[in-house]
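Beneath this line is the structure, given in structure tokens, with notes to follow.
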Amino acid sequence: MDLAILLGTFIGGLVLGIPVAITLALASIAYVLFAGMPLVVIPQKMFAGIDSFVLLCIPGFILAGNLMNMGGITHRIVRLAQALVGWARGGLGLTNVAASMLFGGISGTAVADAASVGGMMIPGMKKAGYPADFSAAITAASSTVGPIIPPSVPMIIVGSLSGISVGKMFLAGAVPGLMMGFAMMFTAWLIARRRNFPRQPWQGVGELGRAFLGAFWAVAMTGLIIGGLLTGFATPTETAVVASIYAFVVGAFVYRDLPLRAVPKIVVDSAVSAAAILALVGFANVFGWILVSERIPQTIADGVLSITDNRILVILLINLLLLFVGMFMETIAALIILFVPLLTLAQGVGVDPLHFATFAVLNLMIGLTTPPVGICLFICANIARLPLGPVIRAIAPFLLTNILVLLLVSYIPLLATGLPSLLDK
């Protein structure tokens, strides 16, 4: 009965459109009251969920991304991307994806990518003669690369949940992120050839050099993060702090596009964003504790393994479940609630935890571009001033491309575990 109250309240809240964090809190409170437990257990479990040193990465990387974005980073990255690939057929579409790949190594969040790159690229693509639905679709699809290429807020959450090294999680996402980016660029090129989209003239080696020099300090931030992790010189949390200081110095004194008077507001906005994520983590931890106490993870694992213990089928079932959940639930909440039960199931058929964590995050990133709750879809459709329907139709080829990459990563563990293995040498 208590479990029915928990799940009923949770599902009811989602149906009514109540924010996920509040829904998790209400469901947990209802369970505790009906189970006769003291309410003090809720703040205790919330604090236990966020009392993790590694979670300090989140405000650090959010602040670094906001400082770099306000410090003139976006247009420099777009210029570099255009110089690299803008000359091909459908070049602005390829530029869009390349910019997201570069920007993803700075912001770590898909929403920031969709809003920042989309705010520049969608109007520019429309002006150059690209269909508005294609412009919005490729921007939304490519924004999902951001949380795969390090740094990544979802990877930090997974690391805190599972005990997997966040540094290894970051590195595990690098190859799949690049695969997603290049696969979407190829898809965009095929569509551009078939529909005869415009191409930009080659701007010459000189422009490429100037664009690279202009974006050098921004792109170097990704190298700073990955280099620090690979060499063991800094922990992920220390890297986040260094990245924030670096972003401030570059934006304010190198690019000189970051006014000092804007810094306090950026810090406050970053703190609010981080607090919202950590509140969600806290409430979801209470919800997850209740599920574990009711033995839900073990029940799910035992139930599936009683039907099949075939590794290929179990991985396929996990992917289908996460794709479905990603259509309706916010990424971080889905990870916190489902990660531990599904990890138990995956380990039951011999899947490495780091490998599972990588394709689980990749899976839920795809959910950011699937209706009805794909937030990146809404952002890009709004920028393009289109209803959601045309954008959903236009994004279908990119979704298929990303799902193909997901399957490759799911069934070829080395794509996720190869680079992190360097940390063990």
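The values are calculated or read from the model by the stated rules, or taken from the named source; none is laboratory data. Note that the structure is predicted; figures quoted are calculated from it, not measured. A quick note on method: Cβ atoms are made from the backbone with ideal geometry, for glycine too, and the neighbour counts reach across all protein chains shown. These area figures cover heavy atoms from the full protein model, side chains too; ligands, DNA and RNA do not enter into them. Shrake-Rupley method; radii C 1.70, N 1.55, O 1.52, S 1.80 Å.
Table for the structure above
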| item | result |
| --- | --- |
| Helix 41-50 axis, angle to the chain major axis (alpha carbon atoms, nearest 10°) | 30 |
| Karplus (6.51, -1.76, 1.60) ³J(HN,Hα), θ = phi - 60°, over segment 181-194, in Hz, Gly and Pro reported as x | x, 5, 5, 5, 5, 5, 4, 4, 5, 4, 5, 5, 5, 5 |
| Other-chain or far-sequence residues with amide H under 5 Å of R199's (modelled H) | G90 |
| Peptides 276-288, 245-257 ordered by average Cβ neighbours within 10 Å, highest first | 276-288, 245-257 |
| Rel. contact order, % - alpha carbon contacts under 8 angstrom, at least six apart, segment 169-259 | 17 |
| Inverse of mean 1/r across different Cα pairs in segment 207-308, Kirkwood, Å | 17.8 |
| Per residue, in Å², the accessible surface of the chain once ligands and nucleic acids are set aside, probe 1.4 Å | 41 |
| Surface share of carbon and sulfur [accessible, 1.4 angstrom probe, percent] for the chain | 70 |
| Whole-number percent relative contact order across the chain, with pairs defined as alpha carbons under 8 Å at least 6 apart | 25 |
| Largest to smallest principal axis extent of the C-alpha atoms in the chain, angstrom | 70, 47, 47 |
| Order by protection proxy (mean Cβ within 10 Å, highest first), peptides 18-25, 40-47 | 18-25, 40-47 |
| 3J(HN,Hα) from dihedral phi, segment 90-100, Karplus parametrisation 6.51/-1.76/1.60, rounded to Hz, x for glycine, proline | x, x, 5, x, 5, 4, 4, 5, 4, 5, 5 |
| Sequence-distant aspartates and glutamates (8 or more away, or on other chains) whose Cα lies within less than 16 Å of K168 | E238, D352, D424 |
| In sequence order, calculated HN-Hα J values of segment 354-360 (Karplus, 6.51, -1.76, 1.60; Hz; x Gly/Pro) | 5, 4, 4, 4, 5, 6, 5 |
| Paired Rg and Dmax values of segment 273-425, which use every Cα atom, in angstrom | 16.9, 51 |
